[in-house]
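For reference, the structure is listed below as C-alpha cells.
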Amino acid sequence: MALSFGGSRFATQKSIGYMSQTKSKMDKSLERISSGKRIINSSDDPGGLAVAMKLQNQISTNNAAIGRVDNAKSFVEMQSSALGTATDILTEMSSVWQQYNDPLANDDTKETLAQQFRDLQAQLGQLKSEKFNGVSLFSEIDRDNMTVATSGTGSGVDLGKLDITSALGITNEQGKMNLGDTTEAGTPSPNRALAPESKVTVSISHVSADDLDGVITEVAGLSTQAAGKLSTLEFAGDYLTSMSSTLEVAHGRIMDVDLAEETANYASLSLQYEAAASAVVQANLMMGKVMSLLIGSFNDD
C-alpha cells in the first residue's frame with residue numbers, strides 16, 4: 001500500500017492502514033532477529049521448512065552414528081591397551097624363563113623365578129576377563145552383533161573377534177595349556193607331564209622358548225588387527241564429523257536469518273512506520289485547519 005499525504009478522511013485511513021501493515025512487518029522482522037531464525041512459522045516458507053526438517057533428521061542420525069563410532073573407538077582402544085600390556089607381560093615371562101633355565105641358577109633363584117612367572121600368568125588371566133561397559137574385550141566365541149553402524153543405511157565396521165584365550169594357548173608334549181590359566185599367584189602349580197589332549201595349569205617348566213615366542217607372535221597379530229579396526233573407525237569418525245558440519249551448514253542456510261540483512265530491513269521498516277505516523281499527524285492537522293475555517297465562516301455569517 002502506497003503512503004498518501006493529504007487532508008482527506010480517505011488519506012488518513014490509508015495512512016493508518018499502511019502503519020498497521022508496516023508494524024506487522026516490523027514485528028515479524030524483530031521476531032526473526034531475536035530468534036535468529038528466518039522461518040518462524042510454516043507459512044513463512046513451506047518448501048524450505050520441509051527440506052530443513054529432512055536435513056535435521058539426517059543431522060540427528062549422523063550424530064547418533066558419531067556416538068556409536070566414538071564408543072567403538074574406546075572399545076578398540078581398550079583392546080589395544082590390554083594387548084600392549086599382554087605383550088609386555090609375555091616379554092617379561094620370556095626373560096624370566098631364560099633366567100630360570102640358566103645353568104648357573106640355584107634352586108632358591110629358580111623358586112623365586114617360578115613364583116614370578118606364576119604372578120605374571122595371573123596378570124594375563126585378569127586381562128582375559130577385562131570388559132568395556134559389560135562387553136568382553138576378548139570373546140572366546142563368535143559374536144554376530146559386533147558390527148558398528150556408521151550410517152543410517154546399515155553400513156558399518158565389523159569389530160570381529162579378538163580371542164586372546166586362543167592366542168595364549170600352547171600345545172606341546174605336556175598337553176594343551178594356556179599361559180593365562182594358573183593357580184593363585186605364588187601358589188605352586190603341579191609340575192607333571194600329562195597326556196597330549198589333556199588341559200593343564202601351566203607352569204614355567206611346562207613351556208619352551210619357542211612356546212613363548214609363538215604366543216608373543218599370536219598376541220602381536222591381535223594387536224595388528226585391533227590397530228586396523230581403530231584406523232578404520234577413525235576414518236569413519238572423521239567422515240561423519242565432516243558430514244555433520246556440512247549438514248549443519250546446509251540446515252543453517254535455510255533456517256538461520258541473515259542478521260545484517262534483517263537488521264537493515266528492520267531499520268527501513270521503522271523509517272516507513274515513522275513516515276506513516278507523520279502522514280497521519282499531518283492529515284489530522286490539515287483536517288483541523290479546515291474545520292477551523294469552516295467554523296469561522298459559520299460564525300461570520
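Values in this text are rule-based calculations from the coordinates and carry no lab data. Model, not experiment: these values are computed from the prediction. All Cβ positions, even for glycine, are placed from backbone atoms using ideal geometry, and neighbour counts span all protein chains on display.
Tabulated data for the structure shown
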{"quantity": "Sum of side-chain charges, Thr150 neighbourhood, beta-carbon under 14 Å (Lys, Arg +1; Asp, Glu -1)", "calculated": "-1"}
{"quantity": "Cut-off under 5 Å, modelled amide H: who pairs with Lys37 long-range", "calculated": "Val257"}
{"quantity": "Thr171 paired with Tyr266, simple spin-label distance in nm, labels 7 Å along Cα-to-beta-carbon", "calculated": "7.9 nm"}
{"quantity": "Order by protection proxy (mean Cβ within 10 Å, highest first), peptides 161-169, 124-132", "calculated": "161-169, 124-132"}
{"quantity": "Proximal lysines to Lys131, defined as alpha-carbon separation beneath 30 angstrom and excluding residues fewer than eight positions away on the same chain", "calculated": "Lys73, Lys161, Lys176, Lys199, Lys229"}
{"quantity": "Among 68-81, 229-242, the order from most to least packed when residues are scored by Cβ within 10 Å on average", "calculated": "68-81, 229-242"}
